[in-house]
Each structure stands twice: as structure tokens, then as C-alpha cells.
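Each reported figure results from applying straightforward, stated rules to the coordinates on display, with no laboratory input. Predicted, not measured: the structure shown is a model, and the values here were computed from it. Methodologically, a virtual Cβ is constructed for each residue, glycine included, from the backbone with ideal geometry; neighbour enumeration extends over all protein chains shown.
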Amino acid sequence: MNATDFILSLVDAFDGHVEGRTLLQKRAYFVSLLAGIDSDLGFGAHYYGPYSTIVDNSVSRLKSLGFLNEENIGFGVASSGFEIKRYDYRLTDDGVRVTAALKQSPEYRGIADACHAILTAGNPNYLTLSIAAKAYFILKKRRQGMSADDIVREAQKFNWNIDKTSLDNAVQFLERLNLVQRGKPEN
């Protein structure tokens, strides 16, 4: 399955819409991991955690083909003077028709199952999902257990700020996905 088919399948499996670019990227990260296709999408460290230019380019392509609609939702202006906005994504009628054909593939079933696992594990908002993605990205890179303090320190190397309370919520989500298991405290 190519990246554009993956994005169409992912959006479809989340009821045909995803609210926000960051949420789309983080859901794509976890769905690709859970469905076993994470290496194909090239996720790397970025401002808000793991990010894929392949996912971003696929979204742009789907918009230009008329399969995915992007809506800009404004939330006013921040005290810093920057406009606050979110970009929401929704399958168009043509996107729904194209996705119907994808539903016959075994890859779609894996993606849909991964989306269901995220929903069942608590369907966290983009912020918790970003922290969970950052923590998992660090843990996966290290390939060994780490304490919360270790994860926070390692995150700083990527200019990611993670507080321990948010990290604990994120780790609980990762546990529910069976991606991590907390070690037993040493006596």
C-alpha cells in the first residue's frame, strides 16, 4: 500500500475526518507502527514529535486530487500576535469512493484495526498523543528501558519539553496499546 492509500485508509477508519495536522501526523505515526509499516513512512524527529514529510506530501497530493478536503479553523490571535488555527481533514465524496476500493485489501484491515486500537486505548487529544509519540520515539531509538527522568532528559536533546505528569498519561496510553510495559521497581 502506498502512502496516499495509507492516508485515505487512515482518515476513513477515523470516521472520514481528522481534526488537526498534528493529530493526523501522530495518528499516522501510531497507526503505521501498529499496522507494521512505520519504516515506509520515514518518521523523524520534528518540533511536535515524530513527523513524516511523506505523510505531509501525501496529504497535499490527496487535496490536489480532490480526495481530501482541508478546512482552516481560526481560533483568534495569540498574545504573541500569531493567528491560532487548526487544519481539519475530511474525505470528499470522491475520496469516499476511492477508499471503498481500498477496503477490500488486507492492508486496510490492519490500518482499521490500528485505528480502533487507538480509540479503544483512550483516543487521546493531539497533545497527549504528541507526548506519547515523543516518548515512544525515544524509547524505540534507545531500545532499552528508561526512567521518566531519562525520557525527559533525552527529549530535551530534540528541544521537546515534556513534563512528568503529561508523560505519565502518555505512557499509560502506550501501555494500553501494548507498545511499552513499565518495569517493576527494584527493591
- Note on the structure: In whole percents, the bins of 5 Å from zero upward hold the Cα-Cα pairs of segment 63-142 as 3, 11, 10, 15, 20, 18, 13, 7, 2, 0
- Item | Cα-based shape type of the chain, given that a ≥ b ≥ c are square roots of the gyration tensor eigenvalues and the cut on a/c is 1.5 | oblate
- Evaluate segment 124-182: find the radius of gyration of its Cα atoms, find its Kirkwood radius, and give the ratio Rg to Rh. 0.91
- Estimated dipole of the chain in Debye, rounded to 20 [Cβ of Lys and Arg +1, of Asp and Glu -1, Cα centre]: 440 debye
- Can you count the Lys pairs in segment 36-187 with C-alpha separation below 18 Å, eight or more apart or on different chains? 4
- Just check segment 1-107 against the gyration tensor rule for me: Cα atoms, a ≥ b ≥ c as the square roots of the eigenvalues, rounded for a/c under 1.5, and otherwise prolate or oblate depending on whether a/b exceeds b/c. oblate
